[in-house]
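A short worksheet on the structure shown next.
The values are calculated or read from the model by the stated rules, or taken from the named source; none is laboratory data. Just so it is clear, the model here is predicted, and its values are computed rather than measured. Virtual Cβ from ideal backbone geometry, glycine too; neighbours counted across all protein chains shown.
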Amino acid sequence: MMPPEPIAAAAANFPRERRRPVAKEEPEADQPAMPPPVPEAVAIGSLTAGGETNPQSKQAAADLIAANEKRLKALSAGKSEARKAEISTLKNFQQQAQEALASGDAEGAMTLATKAKLLLDDLEK
């Protein structure tokens with residue numbers, strides 16, 4: 001014998017769960033008041049364009065750019081032809097480094113020349 005089929009009307013009589021009201025938190029009087037917002041310029045300090053760059057950092061960037069140029073010229077023609085895209089990127093970094101150095105951005109020139117150096121290291125492997 002088969003069990004009796006469930007009746008949909010019986011399922012409709014299940015008690016529904018009631019949502020509990022969410023208690024709202026009120027700020028306590030004991031809590032300290034939030035300090036007034038600080039203007040952004042004061043919070044981070046004054047911003048400058050960099051001012052005078054160190055002559056030693058300029059010289060180090062110029063030396064690295066020159067060393068990269070010397071290494072680039074020393075690459076064999078076979079490697080130069082086979083990896084044109086990487087050499088193009090390397091030359092672009094070198095050009096941007098020269099421009100940064102000429103504009104007085106020794107740190108930017110050093111960063112770009114270092115990227116070129118790392119590409120050269122990879123090419124020479």
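Things to note:
- Filtered by the rule that a residue be surrounded by 19 or more Cβ atoms within 10 Å (Cβ to Cβ) and touching a residue at least 24 places away in the same chain (Cβ under 8 Å), the range 101-115 gives 101, 105, 106, 109, 110, 113.
- Residue within the range 66-82 that is surrounded by 15 or more Cβ atoms within 10 Å (Cβ to Cβ) and either assigned to a loop (DSSP other than H, G, I, E, B) or modelled with pLDDT under 90 (or both) present: yes
- Residue match in the range 91-109 (condition: among the acidic types (Asp, Glu) and at pLDDT below 90): no
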